[in-house]
Amino acid sequence: MVTTTLSADGPLPPSPSPDETPFEIIEGDVASGLLFLCDHASNALPARYGSLGLPEAQLRRHIGYDIGARGLTLLLARAFGAPAVLTTFSRLLIDPNRGEDDPTLVMRLSDGAVVPGNARHDAVERAARLEAFHRPYHRAIDERIDTAIEAGHPPAIVSIHSFTDVWRGVPRPWQAGILWDSDPRFAVPLIAALARDPALTIGDNEPYDGALKNDCMYRHGTACGLAHALIEVRQDLIGDDAGIGDWAARLEVALRQVLASAPGLHDIRPHGSRCD
């Protein structure tokens, strides 16, 4: 485990190597009321996997990670003084935003790119990746949630992702989207706060559907009874430091509005889960 306390300003720290740790912890105050997550923060691969047989250019695409998401997560954690948990490995190794039984957990083909290092992975290799990378990340999230609850501050969870501006030749009109399943406490007021800017088109469960059984938000939000929202920002808008900074400032304003006005954000709703 690598634990970092963000400075009040200055450059953001580099992502740790997945050979060192499968997740990165940003220290923060549980009284902030927030926990930030970034499932696809890095395109790095452990040395023993090489590049999974892919050219480096493929790893730099969205199939390798969520472009801009790590920087956005760190700036928001810094702004709120909140804790964060981020991955250090590429989603192509194993996708932490999928349940353990999901057929897309280890992708053999991703947006037209064949992944040679995944082509012949078997149950033994799948289990090894689960144990070495996927499960440690989720255990780290559980630990931060438990710590916050024990301190009397059940967190609202914010997961940061990014999406491509064009998909299969079709431009996407949304600058950002908020994904959610059955709990509207956080997502609905956040959509409203962002949509107050007439220059923005904000997706409500666009460009993806937030109701994905056993994904990260289901596991740590829905099933645990905690308010949550998954924020997707279009990658062309956060592809550099300036864009990341602009969107961090925009999201900070919207999140503060929601924290100040939305009722019940820190209540634990019973779902028969470990958090009850």
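The values are calculated or read from the model by the stated rules, or taken from the named source; none is laboratory data. As the structure is a prediction and not an experimental result, all values here were calculated from the model. Note: ideal-geometry Cβ built from the backbone for every residue, glycine included; neighbour counts use all protein chains shown.
Any chance the stretch 127-139 includes a residue that's part of a loop (DSSP other than H, G, I, E, B) and of a type outside the set (Ser, Thr, Tyr)?
Here is the first cut: in the stretch 127-139, the residues part of a loop (DSSP other than H, G, I, E, B) are none.
Within the stretch 127-139, not a single residue is part of a loop (DSSP other than H, G, I, E, B) and of a type outside the set (Ser, Thr, Tyr).
Of (1) among the aliphatic types (A, V, I, L, M); (2) within 29 Å of Thr21 (Cα to Cα); (3) under 21 Å from the mean Cα position of the chain (by Cα); (4) not in a strand (DSSP E or B), Val158 satisfies all except one. Which?
Among (1) among the aliphatic types (A, V, I, L, M); (2) within 29 Å of Thr21 (Cα to Cα); (3) under 21 Å from the mean Cα position of the chain (by Cα); (4) not in a strand (DSSP E or B), the lone unmet condition for Val158 is (4).
Scanning for something in a loop (DSSP other than H, G, I, E, B) and of a type in the set (Lys, Arg), does the stretch 192-202 turn up at least one residue?
Yes, because at least one residue in the stretch 192-202 is in a loop (DSSP other than H, G, I, E, B) and of a type in the set (Lys, Arg).
Scan the stretch 1-27 and report the pairs whose first residue is touching a residue at least 40 places away in the same chain (Cβ under 8 Å) and whose second residue is part of a loop (DSSP other than H, G, I, E, B) and among the small types (Gly, Ala, Ser), with Cβ atoms within less than 7 Å and a gap of 6+ or a chain change.
From residues that are touching a residue at least 40 places away in the same chain (Cβ under 8 Å), the pairs are Ser15/Ala41; Ser15/Ser42; Ser15/Ala44; Ser17/Ala44; Pro18/Ala44; Glu24/Ser15.
Could you tell me which numbered condition Arg48 fails, if it satisfies all but one of (1) surrounded by 24 or more Cβ atoms within 10 Å (Cβ to Cβ); (2) more than 13 Å from the chain's Cα centre (by Cα)?
With respect to (1) surrounded by 24 or more Cβ atoms within 10 Å (Cβ to Cβ); (2) more than 13 Å from the chain's Cα centre (by Cα), Arg48 is out only on (1).
Exactly one condition in (1) out of contact with any Asp or Glu (no Cβ under 8 Å at 6 or more places or on another chain); (2) β-branched (Val, Ile, Thr); (3) within 25 Å of Pro83 (Cα to Cα) is false for Ile178; which is it?
(1)
Just the residues that are more than 25 Å from Leu105 (Cα to Cα), surrounded by 17 or more Cβ atoms within 10 Å (Cβ to Cβ), in contact with a strand residue (DSSP E or B) (Cβ under 6 Å, 6 or more places away or on another chain) and not β-branched (Val, Ile, Thr), please, taken from the stretch 177-214.
Across the stretch 177-214, the qualifying residues are Phe186, Ala187, Leu190, Leu194, Gly203.
So which residues in the stretch 55-87 are under 15 Å from Ala156 (Cβ atoms), surrounded by 23 or more Cβ atoms within 10 Å (Cβ to Cβ) and of a type in the set (Phe, Trp, Tyr), if there are any at all?
Once the filter is applied, which keeps residues that are under 15 Å from Ala156 (Cβ atoms), surrounded by 23 or more Cβ atoms within 10 Å (Cβ to Cβ) and of a type in the set (Phe, Trp, Tyr), the stretch 55-87 yields nothing.
Of the residues Gly239, Gly272, only one is part of a loop (DSSP other than H, G, I, E, B), small (Gly, Ala, Ser), surrounded by fewer than 17 Cβ atoms within 10 Å (Cβ to Cβ) and at pLDDT 95 or above; which?
Step by step, each of Gly239, Gly272 is checked, and only Gly239 is part of a loop (DSSP other than H, G, I, E, B), small (Gly, Ala, Ser), surrounded by fewer than 17 Cβ atoms within 10 Å (Cβ to Cβ) and at pLDDT 95 or above.
Of the residues Arg98, Arg78, Arg91, only one is at pLDDT 95 or above, at negative phi and outside any loop (DSSP other than H, G, I, E, B); which?
Arg78
Here are some residues: Ser110, Ser90. Which one is more than 14 Å from the chain's Cα centre (by Cα) and of a type in the set (Gly, Ala, Ser)? Give the derivation first.
Numbers: Ser90 fails: more than 14 Å from the chain's Cα centre (by Cα).
Selected residue: Ser110, the only one of Ser110, Ser90 that is more than 14 Å from the chain's Cα centre (by Cα) and of a type in the set (Gly, Ala, Ser).
Among (1) farther than 19 Å from Thr4 by Cβ; (2) assigned to a loop (DSSP other than H, G, I, E, B); (3) out of contact with any Phe, Trp or Tyr (no Cβ under 6 Å at 6 or more places or on another chain), where does Glu20 come up short?
Unmet condition: (1).
Could you give every pair whose Cβ atoms fall below 9 Å, whose first residue belongs to the stretch 258-270 and is over 10 Å from Arg185 (Cβ atoms) and without any contact (Cβ under 8 Å) to a residue 12 or more places away in the chain, and whose second residue is buried (at least 18 other Cβ atoms within 10 Å of the Cβ) and among the basic types (Lys, Arg), counting only separations of at least 6 or pairs across chains?
none
Within the stretch 212-226, track down each residue that is over 19 Å from Arg256 (Cα atoms) and either within 15 Å of the chain's Cα centre (by Cα) or not small (Gly, Ala, Ser) (or both).
Matches in the stretch 212-226: Leu212, Lys213, Asn214, Asp215, Cys216, Met217, Tyr218, Arg219, His220, Gly221, Thr222, Cys224.
A quick yes/no check of all residues on (1) more than 22 Å from Leu230 (Cα to Cα); (2) surrounded by 14 or more Cβ atoms within 10 Å (Cβ to Cβ); (3) in contact with a Gly (Cβ under 9 Å, 6 or more places away or on another chain); (4) not polar (S, T, N, Q):
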| site | (1), (2), (3), (4) |
| --- | --- |
| Leu105 | no, yes, yes, yes |
| Gly112 | yes, no, no, yes |
| Arg120 | yes, no, no, yes |
| Phe133 | no, yes, no, yes |
| Tyr137 | no, yes, no, yes |
| Glu150 | yes, no, no, yes |
| His153 | no, yes, yes, yes |
